[in-house]
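Structure first, then comments.
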Ligand SMILES: Cc1cc2nc3c(=O)[nH]c(=O)nc-3n(C[C@H](O)[C@H](O)[C@H](O)COP(=O)(O)OP(=O)(O)OC[C@H]3O[C@@H](n4cnc5c(N)ncnc54)[C@H](O)[C@@H]3O)c2cc1C
């Protein structure tokens, strides 16, 4: 009989694991939100389309390059050719290709999700030992089933809370440090005349400004995505949201000379775990005896490609174990 694997999280790491393992086991992905992609996110408000998480990604690993090249042809990925105005002192000049999900950032995840068994809106609260495997318990006390393996791809602090004490990697998980970010989304009637489609800022509050509607494949009226600096977000993570939005708008005015306080649409998102400051330093955590494992960008670094690499390496390790038993 096929072994059953539960993957927690439908971000890039979770979907990569599910794709790699689906021929070897019955794989089910559980995602707490109503959409795919995790931090490769898109928010739709009316006609506006905002990539409010990851902005673009690079592909240096040959296997990731292959995947990106395939999806650039079949759909889900596009090359973003516009220049970025990088204002950080001594910022390196780079000609590295930049990619985005298409038609929105979560298009990448949607393309990867074909033929996978994915349960959305399913927040897994804890795992209980059950006849040599694990029973998942969701936040409404439902039990979506018993699994031989459970893999968490939630950010490290959430993985630490989810995993049972038997997992025994609390120490390693507690050393991973992730930082927050505030994202301000602004919908406009007319595109502003910025120096470039995106600005990487050197500013105490604002880290990034993108004319999101200028990215390839984005339909809809002009709109901006503004990210705070991660250290500023951590220092103000519980502050009043209106104050946060005002500080970000003031920062954008400093940087561009444009005042967006009267923009027709405004929305703020708080990411408690956005970036990885201190990664695990190993591609994954696994206890094959218990059938528990964890992967995600936090293992190797805070980039989309790191999530892929972590998941791919864990999938190889689990595939080996499945062959042995
Ligand atoms: C604001 C911001 C800007 C960024 N900019 C860039 C960038 O420009 N370039 C770049 O390369 N990277 C960027 N990143 C980082 C990039 O988005 C991540 O590295 C990558 O998306 C991580 O993928 P993942 O699958 O490891 O984790 P995630 O995408 O976080 O996926 C984990 C999933 O698990 C789900 N989950 C968590 N707990 C549970 C639970 N208990 N039950 C069920 N589901 C659960 C979550 O909802 C989520 O969907 C950015 C991230 C943010 C937030």
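The values are calculated or read from the model by the stated rules, or taken from the named source; none is laboratory data. This one's a predicted model, so the numbers in the text were calculated from it and none came from an experiment. FYI the Cβ positions are ideal-geometry reconstructions off the backbone, even for glycines, and counts take in every protein chain you see.
Things to note:
- Here residue 239 passes the criteria (1) over 23 Å from the mean Cα position of the chain (by Cα); (2) touching a residue at least 24 places away in the same chain (Cβ under 8 Å); (3) in a loop (DSSP other than H, G, I, E, B) except the one numbered (2).
- For region 186-204, the set of residues classified as outside any strand (DSSP E or B) and surrounded by 21 or more Cβ atoms within 10 Å (Cβ to Cβ) consists of 201 only.
- Of all residue pairs spaced 6 or more apart or on separate chains, those with beta-carbon atoms under 6 Å, a first member in region 1-22 that is within 18 Å of residue 127 (Cα to Cα) and in contact (Cβ under 8 Å) with a residue 40 or more places away in the chain and a second member that is assigned to a loop (DSSP other than H, G, I, E, B) and away from the ligand (no atom under 13 Å from the Cβ) are 3/25; 3/148; 4/148; 5/25.
- Residues (in contact with a helix residue (DSSP H, G or I) (Cβ under 9 Å, 6 or more places away or on another chain) and farther than 14 Å from residue 290 by Cβ) located in region 124-167: 124, 125, 126, 153, 154, 155, 156, 157, 159, 160
- Of the helices (runs of 4 or more DSSP H) lying entirely inside region 71-185, those containing at least 2 residues that are over 30 Å from residue 246 (Cβ atoms), within 14 Å of the ligand (Cβ to nearest atom) and in contact (Cβ under 8 Å) with a residue 24 or more places away in the chain span 107-112, 156-162.
- Every listed requirement among (1) surrounded by fewer than 24 Cβ atoms within 10 Å (Cβ to Cβ); (2) within 11 Å of the ligand (Cβ to nearest atom) is met by residue 29 save one, (1).
- Residue within region 256-264 that is modelled with pLDDT of 95 or more and in a helix (DSSP H, G or I) present: yes
- Looking across region 284-303, the residues that are part of a loop (DSSP other than H, G, I, E, B), over 24 Å from residue 105 (Cα atoms) and in contact (Cβ under 8 Å) with a residue 24 or more places away in the chain come down to 284, 288, 290, 291.
- Residue check, residue 65 part of a loop (DSSP other than H, G, I, E, B) and either buried (at least 21 other Cβ atoms within 10 Å of the Cβ) or under 20 Å from the mean Cα position of the chain (by Cα) (or both): no
- The combined condition, being under 25 Å from residue 158 (Cα atoms), modelled with pLDDT of 95 or more, in contact with a helix residue (DSSP H, G or I) (Cβ under 7 Å, 6 or more places away or on another chain) and crowded, with 17+ Cβ neighbours inside 10 Å, is fulfilled by residue 112.
- Residues that are at pLDDT 95 or above, surrounded by fewer than 20 Cβ atoms within 10 Å (Cβ to Cβ), away from the ligand (no atom under 16 Å from the Cβ) and within 22 Å of the chain's Cα centre (by Cα) do not occur anywhere in region 217-233.
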